[in-house]
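Structure record follows, encoded as structure tokens.
None of the figures in this text is laboratory data; all of them are computed from the coordinates on show. Quick caveat: nothing in here was measured; it's all calculated off a predicted structure. So basically every Cβ, Gly included, is an ideal-geometry build from the backbone, and we count neighbours across all protein chains shown.
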Amino acid sequence: MLTISVQDEGRGFGADSLEGKPPGDHFGLLSVMERMEALGGACEITSSGRQGTTVSLRLPLGDIVERDPALTVPASRLNRQIRPSVKHGEIRKVLLVDDHAMVRQGLVSILARYTDVRVIGEASNGVEAVAMAAELAPDIIVMDINMPQMDGIEATKRIINAQPWAIVIGLSVNNSPQTSEAMKNAGAATLLSKEAAGDELYDAIVALVPP
């Protein structure tokens, strides 16, 4: 087990504040936690006013099992007919899928800057995403990969199987070639890193659903 600890003697902070901070363009410690979980490790944070803050990253030293891209729908499905472009003045409807409420709030804050995009729903896991995609028929689905109950790759595959015209943008802290290939083989149009979401998400939406 590889362990890295960073410690300070500052004022500290409450554990609840990780989910309670105002939304913004970056997701800080939540992204670190999610990346460690994806690699089979953990991020542990202890903090108090008297003892400062300690952040410990723990990662097992061994082979990391990657998802087999072959367990997704065939690449030929990527040649499917997609939803027509939106008409001039129409609003692109977006469904956000992520198990962290703070991340969803951050994405809502990013997209709220634009008048031609509106978030019409939020899902916290893949099961909810599949149901809400069928109910709301969004123009774009922004899909996290690592989630409880059903991950984003499986959810994307089920959505595309039911709605071949659906457009999915994958979102992950792990944008390795293997992850990108698995997500695209499942039917996603592209994969963005969470670190780049603030700068690239809107442009990706407009490129995939042009006026």
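Each peptide in 1-10, 167-176 was scored by the mean count of other Cβ atoms within 10 Å over its residues; highest first, the order is 167-176, 1-10.
Per-residue extension of 0.36 nm, minus the Cα-Cα distance of Glu9 and Thr190, leaves a gain of 60.9 nm for this segment.
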